[in-house]
1. So residue 419 passes all but one of these: (1) open to solvent by less than 30 Å² (accessible area, probe 1.4 Å); (2) acidic (Asp, Glu); (3) touching a residue at least 60 places away in the same chain (Cβ under 8 Å). Which condition number does it fail?
2. Determine whether the stretch 193-209 contains at least one residue that is more than 30 Å from residue 292 (Cα to Cα) and open to solvent by 50 Å² or more (accessible area, probe 1.4 Å).
3. Mind listing whichever residues of the stretch 234-259 are open to solvent by less than 20 Å² (accessible area, probe 1.4 Å) and touching a Ser or Thr at 6+ places or on another chain (Cβ under 8 Å)?
4. I need a count of the residues in the stretch 221-241 that are farther than 25 Å from residue 189 by Cα and either in contact with a helix residue (DSSP H, G or I) (Cβ under 9 Å, 6 or more places away or on another chain) or among the polar types (S, T, N, Q) (or both).
5. Report yes if residue 557 is touching a Lys or Arg at 6+ places or on another chain (Cβ under 6 Å) and acidic (Asp, Glu), otherwise no.
6. In a strand (DSSP E or B) and out of contact with any Cys (no Cβ under 6 Å at 6 or more places or on another chain) - does that describe any residue in the stretch 428-441?
7. Could you list all residues from the stretch 434-477 that are β-branched (Val, Ile, Thr) and in contact (Cβ under 8 Å) with a residue 12 or more places away in the chain?
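The values are calculated or read from the model by the stated rules, or taken from the named source; none is laboratory data. What you are looking at is a predicted structure, and each value in this text was computed from that prediction instead of being measured. Cβ placement follows ideal geometry from the backbone for every residue including glycine, while neighbour counts extend to all protein chains displayed. For the accessible areas, the whole protein counts, side chains as well, though only heavy atoms, and no ligand, DNA or RNA atoms are used. Shrake-Rupley method; radii C 1.70, N 1.55, O 1.52, S 1.80 Å.
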Amino acid sequence: MMRIFVSVIAALCASTALADEKSSALPPLADRTPEDEIIYFVLPDRFENGDRANDRGGIDGTRLDHGFDPAHKGFYQGGDLKGLMQRLDYIQGLGATAIWLAPVFRNKPVQGPPGRESSGYHGYWITDFLDVDPHFGTRAEFKALVDAAHARGMKVYMDIITNHTADVIKYAECSGPDAPKELRDNAACPYRSEGEYPYTTRGTANGAPINQGFLGTDPKHLTAENFAHLTDPDWAYTTYVPDAEKAIKNPAWLNDPIYYTNRGDSFWEGESRTTGDFSGLDDVMTTNPRVVAGFIDIYKRWISDFRVDGFRIDTAKHVNPEFWQVFAPAILDHARAEGIPHFHMFGEAYEFEPAHLAKFTTQAGLPAVLDFAFQGRVRDVVAGGKPATALSYLFETDAVYAEGFETAKQLPTFLGNHDMGRFAMFVKQANPDISNAELVSRIELGHALMMFSRGVPTIYYGDEQGFVSDGNDQDARETMFPSATAVYTDNDLAGTQASVADSNFDPAHPIYRAIAAMAAVRTAEPALRHGQQLTRHADHDGGALVLSRFDPEDRGEIVIAFNAGNAPRTLAFPVDGRATHWESLSGNCPANSPAVGAYHLTIPATGYVVCKAEY
């Protein structure tokens, strides 16, 4: 027992020292650009419970009132801002330099049809866009968290939403007393299109005229003058708000149904992608200039009040591009005026093809998007056994982004998340008989690909503790503090005998230690954060990939060689002719090139090697 205690203390000390060393290698906080960061993404409710007094958010009643039930995966578990602040040492010891929090805004505590209720623990059912959810804490506690992170040289990114609010607006034809029972029981409402249900008639195109003079929502008509003619919200459905919720939203303008599309549930295709209710949530009419101005004002206030360093934008693909064309520059200008010159803003577009992602940086004008394409290719190669060319072809398409590679290197890259599930799950699904040792090595290999290739590495909380997940969404949102949820506690974790029923903040966990070591290398080397990237080798029938990253001052080259195969690989590949003498940053690197312009090395099975040459 004493030996275990000593080893844990040693690991803690090493992690603290490593964090201090890494932070000193970075520029000052205000001078760091997005690609300087390593992001740690966390759901506050699922991280650490620092104050049990706020578990029910100050709301009396049952779980259907306050939303707290730690035995159920779909309800609040008790994590909060105080708990997160108590664990900053742990996050920084991992090598993370920025924390992305799932939304902290006040949410509708519980919603959903009878028998299928769940809570707003995730933060995406907002009623008050200007306050912190009491289950998480207070505005003062959020300010304390941001200040504490900044004092350590860490940034804080907020998760924001403009596409929708909580489900408050109802449609008589779907939820009213005369609505079909099937729709009422399932909280469903079929989408009604603009062609069949125009804004200028009540109900169908043959209905009574309303909103006379309104010319529609084509880009040329997105003016205050046009929207002044839009006064009746009942073009597709008859809207109403229950009396108890008529004034529940803040700012107050969000309580008026005229600022919503009111067309029923999106079916994720065609016009419904941007004008349909996202899983029943109230879809905000982001074509309306009043809405655009309102959201700009909301999120400017969070920057001014708390000096946060960036926004991750939820459901960005479900908002019309003209909204982002106005919103993004306004927010960036405001951040610069507040002394935050490198504010990082990245949208969520759940797309796996680079061209579909890139249009949000070109047409919509967002600075960056989450790199789902990278996630898909790493999953294909490391978990699914696809050839390494899947990744080399991905990197070849970086030119499609707004500023080419300059944009691509600011895309947050990730392996799994709270919506799709954890990377370890994908590895296990593709390899049902995988050993624990190989599972750990493939998890580490995925993180190495993310840490050393272009982009901003984004670690999903718990992955560093071997969390696996049973599925997506609620099944991938385990607690780091001891869980009472059976669907979580019965999971076998990678690299440890612990379970989710235990506290999982172990800096001696092999995956935590591996990621911390990778982070130390990345943070110490400007080439791995800012340098141009070149593919040196990619198997067309195997899993070996070799990348070069170049010092921004043209003083050297770093070679990163990855091997997703189950046997070691010895490779020969070209390098810059000036790169003749090499040192190891990770793994076994031959000291010398065998000839000018060439390098040979051996990559271990399911492993990687990082080698550096200075010119």
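1. Of everything listed in (1) open to solvent by less than 30 Å² (accessible area, probe 1.4 Å); (2) acidic (Asp, Glu); (3) touching a residue at least 60 places away in the same chain (Cβ under 8 Å), residue 419 misses just condition (1).
2. Within the stretch 193-209, one or more residues are more than 30 Å from residue 292 (Cα to Cα) and open to solvent by 50 Å² or more (accessible area, probe 1.4 Å).
3. Within the stretch 234-259, 235, 249, 254, 258 qualify.
4. Qualifying residue count, the stretch 221-241: 6.
5. Judged against the criteria, residue 557 is not a match.
6. no
7. 440, 443, 456, 458, 459, 468
Residues checked against (1) closer than 27 Å to residue 327 by Cα; (2) among the charged types (D, E, K, R); (3) in a loop (DSSP other than H, G, I, E, B):
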| residue | (1), (2), (3) |
| --- | --- |
| 195 | no, no, yes |
| 214 | yes, no, yes |
| 232 | yes, yes, yes |
| 237 | no, no, yes |
